[in-house]
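To start, the structure under review is shown below, and the notes come after it.
Read the figures in this text as sums done on the coordinates, not as results from a lab. These numbers were taken from a predicted model, which means no experiment stands behind them. Don't worry about glycine lacking a Cβ; one is built from the backbone with ideal geometry, like all the others, and counts go over all protein chains shown.
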């Protein structure tokens, strides 16, 4: 976070990228789950 | 790399700090504006295809098309970072601006490319996956690496990549390639040359500076305008094909005809216009033209083809 002491601009940017990657991975997990359910249900 | 690129300076990409790029830079690598048109035409193919696809699988298909388009853009930016650094329009991109290391962009594009194709194959079907892989490969290897710096016909042949998304959307539903999806392909394929040549008529200075042999650079403005007229004339009957084939009703046919005539009128104006105003107007209209053609096709089907 910007206000946290000792956190440089590079750290802040890396943290934002980490959170974005987490969001992408979580979305992928949900999507794979839904696709599996749909495919198993024979559409 | 081509002969041209060997004469160009190495970019500052290697000098950027590790982790220097932020999320906006990764988004920029995906070429979001190009992606939006690709996603739209892909959706049109998916919507116009006969049959039905489960909404979750349709969403996955659209995500894969978007990711594939983004991957192509990222790999293209990785390869073209040398000339991007020299052109006004592109020098602010993440790689030439030194905000991202080249390997980072290539890795990002590569993961997206492989991931989107595998996901399309596993979740949707193999025909759509093969077409998506073909689109990415054509854009990267045939257009970007092979043709762009070698021939003024680069955008004519390279246009195949931009024209494939409706076929991918169609194949996602049907699992096949059909005459109707080839017609959608042909519309975008014939639209691409006048669209890009209109742009290059008022942007040829940049292309000449970096040695990209766009038609106005190697053949001159007069020849480019002649080719624009030729392709715009050929585009008109192609846009009417969905009506003749029964894919769309009379309303589409009339509207497509009027849009085609307006486009042809702008091409004639470009022929007589020695300023950049005509090409700029034609370039702007070309985007609206393609967008409206596909909106009309979608509307026609949504209204039950009664229009």
Next item on the list: Can you tell me the relative contact order of chain B? Whole percent, Cα pairs under 8 Å, sequence separation 6 or more.
Entry: 19 percent
Notebook entry, point to check: What number, in percent, do you get for the relative contact order of the range B:34-157 if the mean sequence gap of Cα pairs under 8 Å and at least 6 apart is divided by its residue count?
Noted result: 26 percent
Checklist line | Helical contribution to [θ] at 222 nm, DSSP H n ≥ 4, -39,500 (n - 2.57), averaged over chain B, rounded to 500 | finding: -23000 deg cm²/dmol
Next item on the list: Just grab the label-to-label distance for residue B:264 and residue B:251, each label 7 Å out from Cα along the Cβ direction, in nm (one decimal).
Entry: 2.5 nm
Check: Which whole-number value in Å³ per residue fits the convex hull of the alpha carbons of the range B:68-138?
Finding: 75 Å³
Check: Which three lengths, in whole Å and largest first, does chain B cover when its Cα atoms are put on their principal axes?
Finding: 60, 52, 27
